[in-house]
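The values are calculated or read from the model by the stated rules, or taken from the named source; none is laboratory data. Quick caveat, the model's predicted, so the values are computed rather than measured. Glycine also receives a Cβ, built like all others from the backbone with ideal geometry; neighbour counts cover every protein chain displayed.
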Number of protein chains: 2
Amino acid sequence: MFNQEQLPYLLQKEHIAQLQKDSILIGDRRTFPFERSFVRCHDITSVADAIRAMVTQGGGPLQVALVSMKFLARQIARSIVPCTIETFDEAIRILSKARPTNTTMARTLTSFGVKLTAIEFDKRTIVEIVDNLVHMIEIDFDRQYDLMSDFGSSVITDQDGILTTCFAEHSFLLSLLKAKDQGKRFKVFVPETRPYLQGARLTAPSLVELGIETALVTDGMAGHLMANKIVNRYMTAADAVAMDGSIANKIGTLTNAVCALHFQIPYHAFAVSPDTSLHSCDDIVVELRDGNDIKRVMGTPITVEQVQGYYPAFDVIDATLITSIITGKGMFAPNQITHAYDEVT
Amino acid sequence: MFNQEQLPYLLQKEHIAQLQKDSILIGDRRTFPFERSFVRCHDITSVADAIRAMVTQGGGPLQVALVSMKFLARQIARSIVPCTIETFDEAIRILSKARPTNTTMARTLTSFGVKLTAIEFDKRTIVEIVDNLVHMIEIDFDRQYDLMSDFGSSVITDQDGILTTCFAEHSFLLSLLKAKDQGKRFKVFVPETRPYLQGARLTAPSLVELGIETALVTDGMAGHLMANKIVNRYMTAADAVAMDGSIANKIGTLTNAVCALHFQIPYHAFAVSPDTSLHSCDDIVVELRDGNDIKRVMGTPITVEQVQGYYPAFDVIDATLITSIITGKGMFAPNQITHAYDEVT
């Protein structure tokens, strides 16, 4: 198992979400790396609002949601909210709606809710019960990340040029760390990932923190990098995987995946498990965000007010464009992904 | 022939370059649309430096270079520089080196130099001679733009969604204006074109100025737009065309062209003429610019200092990715481009 201290600042649990006596602190990824600040939420609705406002993103909402369950247990123990399963069900419903495309948080919370329903609890036992359930979930995710990064590191070859997109979190970063420990030399090309610049702000600084050779590029450079054989591998996370092997991931991923196919470069996507409720790519809900976000960079306008912006937040990537989906159960060709089915524990 | 007043602010000749008594004013595209300012140059070396610093770009350097020839003629008339052909040859050499990828300026200046060599001139006649030569060149370019935009507008279909890249200047903007006059309805999707944001700053405001429906998108959205049938056509300028039908254009063009091929969408590139000195794509010189430019947006850092940036300024697009190259002589399949050969007059 990997060591938590190997992880970069952004992926350390206490920097994603912290439980306080009467609030939850959420690490603010919007201002990283220029500030290391937190947003304080006093109830579940404000946690959901913070997730919707991109205070945290990618794998962040999952950890925030787990801390939210521990927070609710303590609110029950202190008689602030009713000691019923509905208190959790309502919170799960509110949180799950905050990010429609990435279903990992929603599925994990649903599974948590099912387990909690089966357990008798009262005000004196709820904290211990919820903390134990959350602890088991965290251990399971860490185990999945460890397995995924074993597989991920195995496909990396010495002298690789690896393109990524957005912030591919534990599975990708641990794959790179393990490949580096195996003595492989490689360089990672990070598209800035407009409009929120997760590549420039989250991935590139984290890779530098891990001592991995990194170059920041713009979002349109995949063709150049692949045609000139500077990049020979494409690796991203997947925000959702459907049962037909298609995936959703940050806008820009489809464009790069099409280039990877054209230039005959493998594309590997990391996912804990497919979402059995998504039968095909048509079932993936793509979150449309405010088009005005395209017209600004970190708050500064880049065009005139009259121009309209268009901002689909995610791409759906057809199974035919993907070489393998890397899960904790192994690496699967997209049309074999049903074999990776594993109910989130 | 199109009317100069139809052109948006940026393409009006006096906003590209202005001849002053003892200097040349260059319209500063770096600060547009937020400022409408000019950079003043007192000699050819500082004009070349301004071009190199991206004060103007795309088709801008050509107009700046023509005004520079008129400026030199006046300096000769006032005995500030020697009255010899070498005065022009030296200036042509300095200016041509300022942008290695786009060869239109260099080829036009070379042709101008050849013509001037054949004419006897002295201090009293040089201004009229140069002004006449420049005037003939300007008329010829306007005629080419007019013909190119006749062809360009003819391929645009009612209800088109058109993707572009960077700032495709006269040929593209006039094509849109003519298609609009023909009663065709369409929408143009403009990638912001990082790092200098020519799409967001130059193209989108110019299209709004022309009353054309416009949406600003990020540089990674081609796949999304094409897969979802929001865009059904890709149109750009070409900074250079080689005799094998391959072209150079702003970085990001190759990525979008690959997506266009994958989604079976036509890609049209505008070019006045191929460069006969470029036998194949291997002869196209791609300008590498400062990687630090990727790490900033309009001066604001978007990542940590330790991250390295990589900035090839142009893409080379293989002939197999291009549907047609639109010149003043007609629309050519890339492998037929030698038929468009026309010595720049």
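Given the structure, is B:T203 buried (at least 24 other Cβ atoms within 10 Å of the Cβ), touching a residue at least 60 places away in the same chain (Cβ under 8 Å) and among the polar types (S, T, N, Q)? Criteria not met by B:T203.
Can you confirm whether B:D282 is among the acidic types (D, E) and either assigned by TED's automatic domain parsing to the domain that holds B:G58 or under 22 Å from B:M243 (Cβ atoms) (or both)? Yes; evaluated as a whole, the condition is true for this residue. Has the stretch A:143-152 got any residue that is crowded, with 20+ Cβ neighbours inside 10 Å, under 28 Å from B:K295 (Cβ atoms) and within 14 Å of chain B (Cβ to nearest Cβ)? Checking the stretch A:143-152: not a single residue is crowded, with 20+ Cβ neighbours inside 10 Å, under 28 Å from B:K295 (Cβ atoms) and within 14 Å of chain B (Cβ to nearest Cβ).
Within the stretch A:258-284, being among the acidic types (D, E) and within 14 Å of chain B (Cβ to nearest Cβ) holds for one residue alone: A:D282.
Among the residues of the stretch A:88-104, the ones that are out of contact with any Asp or Glu (no Cβ under 6 Å at 6 or more places or on another chain), surrounded by 17 or more Cβ atoms within 10 Å (Cβ to Cβ) and either without any contact (Cβ under 8 Å) to a residue 40 or more places away in the chain or under 18 Å from A:D140 (Cβ atoms) (or both) come to 4 in all. Residues in the stretch B:61-75: is at least one surrounded by fewer than 24 Cβ atoms within 10 Å (Cβ to Cβ) and part of a loop (DSSP other than H, G, I, E, B)? Taking every residue of the stretch B:61-75 in turn, none turns out to be surrounded by fewer than 24 Cβ atoms within 10 Å (Cβ to Cβ) and part of a loop (DSSP other than H, G, I, E, B).
Note on the stretch A:290-305: residues that are assigned to a loop (DSSP other than H, G, I, E, B) and either within 10 Å of chain B (Cβ to nearest Cβ) or within 24 Å of A:S171 (Cβ to Cβ) (or both) total 6. Is it the case, given these coordinates, that B:L10 is farther than 23 Å from B:N132 by Cβ and not in a loop (DSSP other than H, G, I, E, B)? Here the answer is yes, as B:L10 does meet what is asked. For B:P82, the conditions (1) outside any helix (DSSP H, G or I); (2) under 28 Å from B:E209 (Cβ atoms) are fulfilled apart from (2).
Could you run through the stretch B:75-94 and say how many residues are closer than 11 Å to B:I126 by Cα and touching a Lys or Arg at 6+ places or on another chain (Cβ under 8 Å)? Number satisfying all stated conditions: 3. Look through the stretch B:220-248, keep the residues that are under 26 Å from A:V304 (Cβ atoms) and free of Cβ contacts under 8 Å to residues at least 40 places away in the same chain, and return whichever of them is farthest from the chain's Cα centre (by Cα). Restricting to residues being under 26 Å from A:V304 (Cβ atoms) and free of Cβ contacts under 8 Å to residues at least 40 places away in the same chain, the top hit is B:H224. The test for being of a type in the set (D, E), over 27 Å from B:Y310 (Cα atoms) and either surrounded by fewer than 24 Cβ atoms within 10 Å (Cβ to Cβ) or more than 11 Å from chain A (Cβ to nearest Cβ) (or both) does not hold for B:E287. Filtering the stretch B:241-257 down to residues that are more than 8 Å from chain A (Cβ to nearest Cβ) and assigned to a loop (DSSP other than H, G, I, E, B), which residue is surrounded by the fewest Cβ atoms within 10 Å (Cβ to Cβ)? This residue is B:M243.
Filtered by the rule that a residue be in contact with a Ser or Thr (Cβ under 9 Å, 6 or more places away or on another chain) and within 12 Å of A:L10 (Cα to Cα), the stretch A:37-60 gives A:S37, A:G59.
The residue of the stretch A:319-337 that is farthest from the other protein chains (Cβ to nearest Cβ), among those that are outside any strand (DSSP E or B) and surrounded by fewer than 18 Cβ atoms within 10 Å (Cβ to Cβ), is A:K329. Could you grab me the full set of residues in the stretch B:210-240 that are more than 9 Å from every other protein chain (Cβ to nearest Cβ) and modelled with pLDDT of 95 or more? Scanning the stretch B:210-240 gives B:L210, B:G211, B:I212, B:K229, B:V231, B:N232, B:R233, B:Y234, B:M235, B:T236, B:A237, B:A238.
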